[in-house]
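One structure is given below, encoded as structure tokens.
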Amino acid sequence: MKAEAHQLDHEPVLLQQVLSFLSPKPNETYLDLTAGYGGHAEAVRFMTDNAPAVLVDRDNMAVTYLQKRFVDKNVTIMQSDFLSASQKLAEQGNKYDLILADIGVSSPHLNIASRGFAIKYDGPLDMRMDQSQSLTAETIVNSYSEDDLIRILKQYGEEPRARSIAKAIITARPIHTTSQLADIVAKQFRGYHKVHPATRTFQGLRIAVNDELMQLEKAIPIWVSLLKPGGRLGIISFHSLEDRIVKKAFTERSGDRFDAELSVLTKRPETADKNELVFNPRSRSAKLRVAAKIKK
Ligand SMILES: C[S@@+](CC[C@H](N)C(=O)[O-])C[C@H]1O[C@@H](n2cnc3c(N)ncnc32)[C@H](O)[C@@H]1O
């Protein structure tokens with residue numbers, strides 16, 4: 001599959017807030033765990049005077065783009081899920097001044113129909129960020145038990161109609177495309193809806209396909225261990241399930257306790273301002289939390 005150049009556009013969210021809270025300084029090293037199309041990375045690197053940086057992404061399309069954008073020998077690009085990459089960097093004993101994770105999907109995921117993430121485009125039921133992985137949304141939709149579908153839709157999609165949707169999916173099998181699935185789910189709802197009624201179902205499936213919450217939960221403690229004293233860790237999340245994990249992880253490691261490792265720099269999560277909401281509507285659900293590693 002070849003993507004058109006414009007389909008690879010991705011506007012980095014909350015960029016000013018990221019720069020203001022991470023506050024990159026010349027010569028500070030940078031680890032970007034979801035480097036995507038390099039918008040945050042380029043701005044951070046500019047402020048560090050192009051100090052050494054490691055850019056990670058699990059998506060082949062993003063990695064190919066990063067390899068063209070960053071040809072500097074100070075940049076190491078890793079194609080990997082961020083949990084495995086973090087484990088590897090920790091085993092190597094590496095430490096960083098600045099760490100950023102801008103989790104979730106990129107605009108190209110949503111703009112390219114064949115990736116199967118978008119409700120509004122007809123495509124295969126794929127939803128894999130790493131296309132070399134075997135599990136797809138199609139496998140889940142067509143082979144998981146009713147109980148497992150209900151669990152995924154409830155836990156990851158926070159879908160109140162998980163039961164009726166799971167039943168409808170099982171009755172309609174086999175389902176091969178995003179449009180088929182969106183129509184089956186929409187039939188379980190009546191009346192007017194501001195957002196497509198299958199939005200929660202798509203979210204749930206996407207999180208399950210990419211094991212997103214497990215990745216985040218297990219990776220945050222490693223990110224804290226990868227910070228140099230005084231280093232800053234920023235995490236941007238796009239829905240409450242992720243933000244809850246980030247908030248809990250920061251709270252458990254900060255505050256008035258003898259073993260506190262972090263000092264939380266964002267009293268409340270940072271969100272998009274009016275301007276950003278206008279030129280980048282995808283920023284509307286973005287929340288940034290930043291913490292600094294306490295110097296001991
Ligand atoms: C919101 S985009 C990041 C955009 C980036 N900050 C930029 O400025 O272009 C999220 C990226 O994270 C990647 N991603 C999401 N979860 C991941 C994971 N667990 N491991 C590695 N990459 C992940 C996706 O493939 C996607 O490219």
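The values are calculated or read from the model by the stated rules, or taken from the named source; none is laboratory data. Keep in mind it's a predicted model, so treat the numbers as computed, not measured. Please note: Cβ atoms are built from the backbone with ideal geometry, for glycine as well, and neighbour counts cover all protein chains shown.
Mind checking whether some residue in the stretch 92-106 is of a type in the set (D, E, K, R) and within 13 Å of the ligand (Cβ to nearest atom)? Within the stretch 92-106 (the criterion being of a type in the set (D, E, K, R) and within 13 Å of the ligand (Cβ to nearest atom)), the answer is yes, since at least one residue qualifies. Within this structure, L125 fails the test of being surrounded by fewer than 21 Cβ atoms within 10 Å (Cβ to Cβ), more than 29 Å from E28 (Cβ to Cβ) and touching a residue at least 12 places away in the same chain (Cβ under 8 Å). Against the condition surrounded by 19 or more Cβ atoms within 10 Å (Cβ to Cβ), assigned by TED's automatic domain parsing to the domain that holds E28 and polar (S, T, N, Q), how does S225 come out, does it pass? Judged against the criteria, S225 is not a match. Within the stretch 17-40, restricting attention to residues that are within 13 Å of the ligand (Cβ to nearest atom) and free of Cβ contacts under 8 Å to residues at least 40 places away in the same chain, the residue that is nearest to K293 (Cα to Cα) is L19. Residues of the stretch 1-36 that are under 15 Å from the mean Cα position of the chain (by Cα) and under 16 Å from F238 (Cβ atoms): H10, E11, P12, V13, L14, L33, T34, G36. Within the stretch 118-128, the set of residues being of a type in the set (A, V, I, L, M) and either more than 16 Å from the ligand (Cβ to nearest atom) or in a helix (DSSP H, G or I) (or both) comprises I119, L125.
A residue that is touching a Gly at 6+ places or on another chain (Cβ under 7 Å), in the same structural domain as L135 (by TED's automatic domain parsing) and either on the phi < 0 side of the Ramachandran plot or assigned to a helix (DSSP H, G or I) (or both) occurs somewhere in the stretch 179-202. One residue alone among K73, K88, K68 is closer than 13 Å to L33 by Cα and free of Cβ contacts under 8 Å to residues at least 12 places away in the same chain, and that residue is K88. When G93, G104 are checked against the criterion of being in the same structural domain as L226 (by TED's automatic domain parsing), within 26 Å of L14 (Cβ to Cβ) and either at pLDDT below 95 or small (G, A, S) (or both), a single residue qualifies: G104. It is to be established whether one or more residues within the stretch 80-91 are more than 15 Å from the chain's Cα centre (by Cα), more than 9 Å from the ligand (Cβ to nearest atom) and farther than 30 Å from S20 by Cα. Yes; the residues of the stretch 80-91 include at least one that is more than 15 Å from the chain's Cα centre (by Cα), more than 9 Å from the ligand (Cβ to nearest atom) and farther than 30 Å from S20 by Cα.
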